[in-house]
Amino acid sequence: MEIIVACVVSFVATALLGGKVILPALRRLKAGQEIREIGPKWHATKAGTPTMGGLMFIAGIAIAILVAGWPNMMAGDFSHIYVFLFAAVFGCIGFLDDYEKVKKHQNLGLTALQKFLLQLAAAIVFLMLMRYEGLVSPNLYIPFINTSVPISWPLYMVFAAFVIVGTVNAVNLTDGLDGLATSVTIPVALFFVSVATWWSYTQLGVFAAALLGGLLAFLLFNAHPAKVFMGDTGSLFLGGAVAGMAFAFDMPLVLVLVGIVYIVETLSDILQVAYFKLTHGKRIFKMAPIHHHFEMCGWSEVKIVTVFTAVSVLFCALALFGVMERMMV
């Protein structure tokens, strides 16, 4: 029941706050998106669209997890709060980045080093807290073969910090088309809702369901043609939420499956840059990350988002099958 309540409350709160409060406020503040000069030229028409819209679902999720999770919080279970605060820290980093862009009226916010150090610090603090609470272990669960490989805590911390920072930035890179990051993350949230329901991890299920409801509501504003962009505020929060849940459920390797779209987007960018430098100007893709390649091939934004979301659904279903034996233990 709590999980259903969390999803519904998050949807309603995000929709109402977004439409009645946050979107009008962003328009009044003229918090418009600056479009990168090296991006697709046809995206220039999106310049001025309000950004930082991720505040909508962050606020909706916050309300939902307090309402739906309150009874268990009184019993001492704050696991969903830990994941939310972790994601919110990344959202704050994104907000600082967005604010700098809006203030300077250019698509340059915090430096890459500043963002990396802030993200790394957030990852380390979160992992230490989760270890203290006994919610993570240095045993890497491997889906499909239902076994865990023990590693040392120092190695686990290095691995985990790398995965978290990588996931957060991969989600951020995926946020390049109307509704893309929102749509491909919805199946991921549903995956974690399913696992939480099966394992009776109520509080984590509350957070996952709140994320699901918030994203569904945000899609009302973010679907093509987008009335608002989530900005780094939203995409870094989403990255933190996805990574945080994977570690809270103590199965970070599942990110390889549920995060397949994020991974492909990131790899396409890395390969493009590496190949360009090695060949002194040649390219693998028409433009990277890969969603822009498909745009250059003539695909519409709606088609790209639909196909990428279908891929996300497929791999999330595969991930659910991969952890089924663990769920049945």
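The values are calculated or read from the model by the stated rules, or taken from the named source; none is laboratory data. Everything quoted here is computed from the prediction, not taken from an experiment. Because the Cβ atoms are built from the backbone with ideal geometry, glycine has one as well, and the counts that use them run over all protein chains shown. When the accessible area is computed, the model is the full protein with side chains, heavy atoms only, and any ligands, DNA or RNA have been set aside. Shrake-Rupley method; radii C 1.70, N 1.55, O 1.52, S 1.80 Å.
The one condition from (1) over 27 Å from residue 318 (Cβ atoms); (2) open to solvent by less than 50 Å² (accessible area, probe 1.4 Å) that residue 92 does not meet is (2). Criterion applied to 237, 276 was being at pLDDT 95 or above, in a helix (DSSP H, G or I) and among the aromatic types (Phe, Trp, Tyr), and the one residue passing it is 237. Note on region 252-282: among residues that are crowded, with 22+ Cβ neighbours inside 10 Å and hydrophobic (A, V, I, L, M, F, W, C), the one that is farthest from residue 161 (Cα to Cα) is 261.
Just one of the listed residues (12, 5) is more than 21 Å from the chain's Cα centre (by Cα), farther than 21 Å from residue 102 by Cα and either modelled with pLDDT under 90 or open to solvent by less than 80 Å² (accessible area, probe 1.4 Å) (or both), and it is 5.
Hey, could you check region 225-234 for residues that are outside any helix (DSSP H, G or I) and in contact with an Asp or Glu (Cβ under 9 Å, 6 or more places away or on another chain) and say which is most open to solvent (accessible area, probe 1.4 Å)?
Residues of region 225-234 that are outside any helix (DSSP H, G or I), as a first pass: 225-230.
If we keep only those that are in contact with an Asp or Glu (Cβ under 9 Å, 6 or more places away or on another chain) as well, we get 225-226, 229-230.
Details: 225: 94, 226: 19, 229: 30, 230: 1 Å².
In this case the residue turns out to be 225.
Got a sec? Which helices (runs of 4 or more DSSP H) wholly within region 110-224 have at least 2 residues that are modelled with pLDDT of 95 or more and over 22 Å from residue 99 (Cβ atoms)?
In region 110-224, the matching helices (runs of 4 or more DSSP H) lie at 153-174, 180-199, 202-222.
In the list 308, 285, which residue meets the criterion of being outside any helix (DSSP H, G or I), surrounded by 15 or more Cβ atoms within 10 Å (Cβ to Cβ) and out of contact with any Pro (no Cβ under 7 Å at 6 or more places or on another chain)? Steps first, please.
Details: 308 fails: outside any helix (DSSP H, G or I).
Result: 285 is the single residue among 308, 285 that is outside any helix (DSSP H, G or I), surrounded by 15 or more Cβ atoms within 10 Å (Cβ to Cβ) and out of contact with any Pro (no Cβ under 7 Å at 6 or more places or on another chain).
Inspect region 161-169 for any residue being free of Cβ contacts under 8 Å to residues at least 12 places away in the same chain and within 19 Å of the chain's Cα centre (by Cα) and give the result as yes or no. For region 161-169, residues free of Cβ contacts under 8 Å to residues at least 12 places away in the same chain and within 19 Å of the chain's Cα centre (by Cα): present.
Close contacts from region 231-258, counting a first residue that is on the phi > 0 side of the Ramachandran plot and a second that is hydrophobic (A, V, I, L, M, F, W, C) and not in a helix (DSSP H, G or I), with Cβ to Cβ under 8 Å and a gap of 6+ residues or different chains, come to 231/52; 250/135; 250/136.
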